[in-house]
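The values are calculated or read from the model by the stated rules, or taken from the named source; none is laboratory data. Quick caveat, the model's predicted, so the values are computed rather than measured. Because the Cβ atoms are built from the backbone with ideal geometry, glycine has one as well, and the counts that use them run over all protein chains shown.
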Amino acid sequence: MQRPSSNISSSIMNRMSIFENTAFRHSLTEAENAAGTMMSMTSSPPATPTGVQTDSDGLILPKKLINPCMESTDRKELHRELKFNARIGKSVLNQKSELQRAYDKQKERHAAAEHHSPDAETVGGIPGLKGELGRVIMERAQKHEAAAQKQDQEEAEERQYVNPEYLNVRAKLRTAHAANN
């Protein structure tokens, strides 16, 4: 190619030389490909595109797909903030229901009232049980204890009527019967 006159700046000359070099390389590769198509059909498989990994058999290896949701900067910032708040112990989600918050307030008020009143009544050794509720709870606990004692007595009486000789004979019969089978 003919070079233009020297009145053209050096930067333009550099750009033109780059273009000429790439055009020359491109024409060379086309000529090589045209000549090599006959050989490539018989010798080796076609070349894989760049960035694709293959194994020894020429099979394309799978690569992990990119999840756009996980790569999102908004998601990353939110996750970073949630981790930070969890580390410092701040609850950002306000997960308690309205009923739970009301119950917590009531417990706090009740605890404060009990703390300030030294004459808190105790029923059955349990502090804080007052009036009718405490009485009903104590009655039910006594009924439950009485039923448990009665059941223990009945089991003891049943054990008393069983003849130990009868149990020995029955055990021998079981072993003899098992040996026959």
Complete set of residues in region 74-96 that are among the hydrophobic types (A, V, I, L, M, F, W, C) and surrounded by 11 or more Cβ atoms within 10 Å (Cβ to Cβ): LEU78, LEU82, PHE84, ALA86
Close pairs (9 angstrom Cβ cut-off, 6 or more residues apart or separate chains): aliphatic (A, V, I, L, M) and modelled with pLDDT under 85 in region 124-146, surrounded by 10 or more Cβ atoms within 10 Å (Cβ to Cβ) and not in a helix (DSSP H, G or I) anywhere: LEU129/GLU121; LEU129/THR122; LEU129/VAL123
